[in-house]
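Heads up, the thing below is written out as structure tokens.
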Amino acid sequence: METIQATNIKAGRMKNMLSAYWQLTKSLQTFLLVITGIAGFMSGMTSTPNWSLFIAGAITLFLTIAGTTVFNMIWDKDIDAIMVRTCRRPLPAGIIDDSHALLFGVLLLSVGLAWALIINPLYAIVLFAGFFFDFVVYTIWLKRRSPWSIIFGGISGAMPILAGRVLATGRIDIIGLLLAMGILLWIPVHILTFAIKYDEDYRRAKVPTFVQTLGVRKTRFIIALSSVLSATSFILAADLLMLNITELIALIILGLMLTGLSIYFIFKPTDKINFLLFKAASLFMLLSNLVIATANL
């Protein structure tokens, strides 16, 4: 009986530890970015998709994005410990040792990039650019210095969809750049609604945001402008991809819903609308990429 109980306790601890490592990858954010990469890949397919290449692309995208996220979590451990929203994450909570997290991040990133390099060197370069802009430029250099860091965070967030397109076509083209621009311009909507909601946390951690430097009202205008430009970029890319009228209308409706809500937020700046806009932005990104990803099926 005691042996069974000890085994159950050990299994429970193992499950908790695996869960903690999984949290280091920010799985929801990582999977959303993987979906954008898949959309980029599928947008470049002119015939039946190469499913073996599709699977390899999805795995390498996940590994590199997750590895990059782990690096960010390690670097931001000190400010995560200060912020109420993040203080229970595995590293500031002391659940996972920094050295073990670093080994985990290196393993994910190195395997992902090495595999990507074998598949397609240009694809690997784009993925590495995502890591460089996210970890080196955004997280290490600018995040604690300037609210404009979100531009470079947006560039890194745009790399998966561009990488997916590169993997399918073997080149960087105008469609891939428009899709990437759609992500880059969407990032401020995602980040700034978050910055408004958790303004006290960011102030406590001394992380500069547009809310602090420009004020909430101007930040809401930036969110609205980003929404319009992001939706426009996706629609232009969809037009060049020659999506059918139903798919194009679906993208237009999604864009109108996001921009409409962001404009409404300018005049009705409540916490409820801000939270709704944050969720709507994620839904817009998910559904827009699903429309693009399934257009050639």
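The values are calculated or read from the model by the stated rules, or taken from the named source; none is laboratory data. In this text the structure is predicted, and so the values were computed from the model without any measurement. Note: ideal-geometry Cβ built from the backbone for every residue, glycine included; neighbour counts use all protein chains shown.
Quick notes on this one:
- Test: residue in segment 123-146 that is out of contact with any Phe, Trp or Tyr (no Cβ under 9 Å at 6 or more places or on another chain), over 25 Å from Trp22 (Cα atoms) and either crowded, with 19+ Cβ neighbours inside 10 Å or β-branched (Val, Ile, Thr) (or both): yes
- If the condition is being surrounded by fewer than 24 Cβ atoms within 10 Å (Cβ to Cβ), closer than 13 Å to Ile266 by Cα and among the β-branched types (Val, Ile, Thr), then segment 222-242 contributes only Ile222.
For every residue, the table says whether it meets (1) surrounded by fewer than 19 Cβ atoms within 10 Å (Cβ to Cβ); (2) modelled with pLDDT of 95 or more; (3) aromatic (Phe, Trp, Tyr); (4) within 21 Å of the chain's Cα centre (by Cα).
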| residue | (1), (2), (3), (4) |
| --- | --- |
| Gly255 | no, yes, no, yes |
| Leu258 | no, yes, no, yes |
| Phe265 | no, yes, yes, no |
| Lys272 | yes, yes, no, no |
| Ala281 | no, yes, no, yes |
| Met285 | no, yes, no, yes |
| Leu290 | yes, yes, no, yes |
| Thr294 | yes, no, no, yes |
| Leu297 | yes, no, no, no |
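- Qualifying residue in segment 77-88 (condition: closer than 26 Å to Tyr198 by Cα and among the acidic types (Asp, Glu)): yes
- Restricting attention to segment 214-242, the residues that are outside any helix (DSSP H, G or I) and more than 28 Å from Ala168 (Cα to Cα) total 2.
- Residues of segment 82-99 satisfying the condition of being crowded, with 16+ Cβ neighbours inside 10 Å and either touching a Pro at 6+ places or on another chain (Cβ under 6 Å) or more than 21 Å from Arg144 (Cα to Cα) (or both): Pro90, Ile95, Ile96
- Single unsatisfied condition, Asn296 versus (1) assigned to a helix (DSSP H, G or I); (2) under 22 Å from Met159 (Cα atoms): (1)
- A Cβ distance below 7 Å, combined with a sequence gap of six or more or placement on separate chains, defines the contacts here; from segment 272-297, residues that are farther than 16 Å from Pro188 by Cβ reach residues that are of a type in the set (Asp, Glu) in the pairs Val291/Glu247; Ala295/Glu247.
- Any chance Ile249 is modelled with pLDDT of 95 or more, β-branched (Val, Ile, Thr) and either within 23 Å of the chain's Cα centre (by Cα) or crowded, with 17+ Cβ neighbours inside 10 Å (or both): no
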